[in-house]
Ligand code: 5GP
């Protein structure tokens, strides 16, 4: 049987407000060869968001059912709403040899690590926490109180970096994308992923 390389599961995570969504969107725009998992959420759609495109919008009951039926690779509650990754899409895409990227918050990333330790974990870091605060304030959608609570969360989230394989600073979106592309490319060249292709197949010792 010929060697078939599995796709990578890339987990892009990091503190809230660091720009995960923006970086993911920029990667998409570049046409980077990644497949984007669509999450389920109990959050109400924002203006312009489409069911099945940006998220699968679910009621609490529907979301609970997905958990009970083991349809989520991970899930987490974040600022009062539930978010989760449908497992089937991830499994099927990886099995077919294509890479998948998850853009998720840190609690969910830790669960992926438990269930899928061979995934590639990339921590997106803000240049510094002042910058992060400015970004959240700049969005203009949050109250002062909420901003403070998000900052407290962000500080403890930074400590979770130790669970990741790579850290990418989001100083500039395009630079962050360059780094992520480089990491994914390097990961595809790892010996432990490819050794079977060269040894024990028709390659070197094949008769
Ligand atoms: P938003 O409500 O702004 O779209 O997303 C809020 C947070 O939820 C972001 O940090 C985003 O990365 C995270 N998120 C989106 N989808 C998922 C998911 O499937 N699982 C987890 N754990 N977090 C998610």
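Every number here is computed from the coordinates shown, using simple stated rules; none is lab data. Only a predicted model underlies this, so the values are computations on that prediction, with no experimental measurement involved. Reconstructed Cβ throughout: ideal geometry from the backbone, glycine too, with neighbour counts over all protein chains shown.
Points to keep in mind about this one:
- Chain lengthening between residue 49 and residue 175 when straightened (0.36 nm per residue, less Cα-Cα): 42.6 nm
- With the convex hull constructed from alpha-carbon coordinates only, region 85-207 shows a mean projected area of 9.9 nm² over all directions.
- One equal scatterer on each Cα of region 88-137, no solvent, Debye formula: the resulting log10 I(q)/I(0) at q = 0.18, 0.21 Å⁻¹ is -0.71, -0.83.
- Value of [θ]222 nm, deg cm²/dmol, for the chain, DSSP H segments ≥ 4, -39500 (n - 2.57) each, nearest 500: -13000 deg cm²/dmol
- Spin-label model distance (nm) - residue 145 vs residue 191, 7 Å beyond Cα toward Cβ: 5.7 nm
- Residue 130/residue 77 FRET efficiency (R0 22 Å; Cβ-Cβ; nearest 0.05): 0.20
- For the chain, the spread of Cα positions along the three principal axes, ordered from largest to smallest, is 70, 39, 29 Å.
- Inter-probe distance in nm under a simple model that places probes 7 Å from Cα toward Cβ, at residue 165 and residue 35: 1.8 nm
- Taking 0.36 nm per residue of separation and subtracting the current Cα-Cα distance, fully stretching the chain between residue 28 and residue 59 would add 8.3 nm.
- Added length on full extension, which subtracts the Cα-Cα distance from 0.36 nm per residue, residue 5 to residue 70: 20.8 nm
- Distance between region 30-61 and region 141-188 - C-alpha centres, whole angstrom: 20 Å
- Highest mobility in the GNM of the chain, judged by mean-square fluctuation with C-alpha springs under 10 Å and restricted to 177, 189, 82, is found for 189.
- Helix 106-115 and the long axis of the chain differ in direction by around 30°, with both axes built from C-alpha atoms.
- Take every DSSP beta bridge whose two residues both sit in the chain; close to 30 percent of them are antiparallel.
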